[in-house]
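Trainee: One structure, as structure tokens, below. Some questions next.
The values are calculated or read from the model by the stated rules, or taken from the named source; none is laboratory data. Computed from a predicted structure; not experimentally measured. Backbone-built Cβ (ideal geometry, glycine too); neighbour counts: all protein chains shown. Ligands, DNA and RNA are stripped out before the accessible areas are found, and what is left, the full protein with its side chains, is counted by its heavy atoms. Shrake-Rupley method; radii C 1.70, N 1.55, O 1.52, S 1.80 Å.
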Amino acid sequence: MEILQLADYQIVIGDFWKNFHDFLKENNYAKIFILLDDNTEEHCFLRFKEHFLIEKTRTICIRPGELHKNLQTSQYVWQSLFDGGCDRKSSLFINLGGGVIGDMGGFCASTFKRGIDFIQIPTTLLSMVDSSIGGKLGIDFYDVKNSIGVFANPKKVFISTEFLTTLSQREVRSGFAEIFKHALIQDAEQWYNLLTINDLASVNWDTYIVPSLKIKQRIVEIDPFEKGLRKALNYGHTIGHAIESMALATKNPLTHGEAIAIGMICEAYLSKILRGMPDSDLKDITDFVLKHYGKYDIQFCDNQQLITLMKQDKKNESDAINFSLLNKAGDVAVNCTASIDLIVESLGYYRGL
Ligand SMILES: NC(=O)c1ccc[n+]([C@@H]2O[C@H](COP(=O)([O-])OP(=O)(O)OC[C@H]3O[C@@H](n4cnc5c(N)ncnc54)[C@H](O)[C@@H]3O)[C@@H](O)[C@H]2O)c1
């Protein structure tokens, strides 16, 4: 078991059932609400039923996926809290799921009656290494990802890799994108370790989760409200989020990690041109992403629409599109800007691979 202590909450990794029981015992909440989606209800909540008494627990189950991370679902969650008699003093809200559940559930909990206690129990690799910590909560609005939200911290985060056993390989691969992004922005040694991975199905994720979390922990502790350094975490996300938003409107949406992986190739290209990142790093990043993710046909992405979406990015100041780019593997630069022509060129680099 390992505990990471942040300013006002802990992340507890391992020995899940005991730690979770202890937490409930210490706090003695009168009512517990658990937010789930259809998949985490089937695969994860079942295990809860085996381990603890659920008489004071009410579940709120929603449909899975990014398409449902919206105002309509949030309204359903708030209604369920009202109907269940949730009050601010004695209720606990549990997010049992991936980043969609964690982001939206945390948002609903921290705005309901000006905020009720909530905890994060991430069940995807992505939410274990990334979205469950750092306090960014929110929903998508007007086709713009995470455009409505708040910063608020959970009471605790409990991480247990036992939930990963039912996760599809596609979703594992999605989470892996945030693991190698963390290495690329802050830990060159870890990046060179990751480069040796050939088969994601045979990786022991316990080895990678804590180092990856520690990178995010360091960054969010220095800059909790994204005034500067925290923007580093957005490497790959300016272009990646725009692609993810456009893919959502198609019959075959990309996962968050798949879109960000494409974004990381394009932004590696920008890094080479604008930050002098070595050619060898661009080659490593490109080959690595293609090895694990293959090449996507991004025909559905019209350049102009992508640029319009990028202009809505929360990181932007005035009219310039803001990027976090790499000086080299393990060394990031925030607050970079790129011309529209160069952004289009970087998309052309990906399309031409
Ligand atoms: N707040 C942040 O700092 C932050 C950081 C990165 C990403 N995000 C957000 O996270 C979201 C993506 O998270 P995600 O990739 O976890 O997506 P997700 O929550 O949609 O989960 C992916 C899929 O896996 C299923 N699933 C979850 N756990 C499972 C399990 N144990 N077994 C079987 N199936 C399971 C879900 O039902 C879903 O279908 C995006 O909305 C992204 O914007 C937030």
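Trainee: Within segment 167-182, does at least one residue satisfy the condition of being part of a loop (DSSP other than H, G, I, E, B) and in contact with a Gly (Cβ under 9 Å, 6 or more places away or on another chain)?
Mentor: Taking every residue of segment 167-182 in turn, at least one turns out to be part of a loop (DSSP other than H, G, I, E, B) and in contact with a Gly (Cβ under 9 Å, 6 or more places away or on another chain).
Trainee: Of everything in segment 212-247, what is part of a helix (DSSP H, G or I) and among the hydroxyl-bearing types (Ser, Thr, Tyr)? Give them in sequence order.
Mentor: SER212, THR238, SER245 - these are the residues of segment 212-247 that are part of a helix (DSSP H, G or I) and among the hydroxyl-bearing types (Ser, Thr, Tyr).
Trainee: Report, by residue number, each residue of segment 141-156 that is closer than 19 Å to LEU254 by Cβ and either near the ligand (Cβ under 7 Å from one of its atoms) or buried (at least 24 other Cβ atoms within 10 Å of the Cβ) (or both).
Mentor: Result: LYS145, ASN146.
Trainee: Please tell me if GLU41 is in a helix (DSSP H, G or I) and either open to solvent by 10 Å² or more (accessible area, probe 1.4 Å) or on the phi > 0 side of the Ramachandran plot (or both).
Mentor: On the way: in a helix (DSSP H, G or I): yes; either open to solvent by 10 Å² or more (accessible area, probe 1.4 Å) or on the phi > 0 side of the Ramachandran plot (or both): yes.
Yes: the conditions hold for GLU41.
Trainee: I'd like the full set of residues that are under 14 Å from GLY263 (Cβ atoms), charged (D, E, K, R) and modelled with pLDDT under 95, limited to segment 308-353.
Mentor: Correct list: ASP313, LYS315.
Trainee: Something else about it: Taking the stated definitions as given, is SER212 touching a helix residue (DSSP H, G or I) at 6+ places or on another chain (Cβ under 9 Å), modelled with pLDDT under 95 and buried (at least 21 other Cβ atoms within 10 Å of the Cβ)?
Mentor: no
Trainee: Among the listed residues SER91, SER74, which satisfies the condition of being open to solvent by less than 10 Å² (accessible area, probe 1.4 Å), within 16 Å of the ligand (Cβ to nearest atom) and among the hydroxyl-bearing types (Ser, Thr, Tyr)?
Mentor: Selected residue: SER74, the only one of SER91, SER74 that is open to solvent by less than 10 Å² (accessible area, probe 1.4 Å), within 16 Å of the ligand (Cβ to nearest atom) and among the hydroxyl-bearing types (Ser, Thr, Tyr).
Trainee: Then there's this: Return only the number of the condition from (1) of a type outside the set (Gly, Ala, Ser); (2) away from the ligand (no atom under 16 Å from the Cβ); (3) in a strand (DSSP E or B) that ILE60 does not satisfy.
Mentor: (2)
To keep it simple, each residue is scored yes or no on (1) of a type in the set (Gly, Ala, Ser); (2) over 24 Å from GLU221 (Cβ atoms); (3) more than 12 Å from the ligand (Cβ to nearest atom); (4) not in a strand (DSSP E or B).
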{"position": "GLU50", "(1), (2), (3), (4)": "no, yes, yes, yes"}
{"position": "PRO64", "(1), (2), (3), (4)": "no, yes, no, yes"}
{"position": "LEU67", "(1), (2), (3), (4)": "no, yes, no, yes"}
{"position": "ASP87", "(1), (2), (3), (4)": "no, yes, yes, yes"}
{"position": "ALA109", "(1), (2), (3), (4)": "yes, no, yes, yes"}
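Trainee: For ALA177, state whether it is more than 10 Å from the ligand (Cβ to nearest atom) and among the small types (Gly, Ala, Ser).
Mentor: no
Trainee: I'd like to verify a number: residues in segment 112-140 that are near the ligand (Cβ under 7 Å from one of its atoms) and basic (Lys, Arg), how many?
Mentor: Number of matching residues: 1.
Trainee: Can you pull out the residues in segment 29-38 that are open to solvent by 10 Å² or more (accessible area, probe 1.4 Å), part of a strand (DSSP E or B) and more than 9 Å from the ligand (Cβ to nearest atom)?
Mentor: Result: LYS31, single match.
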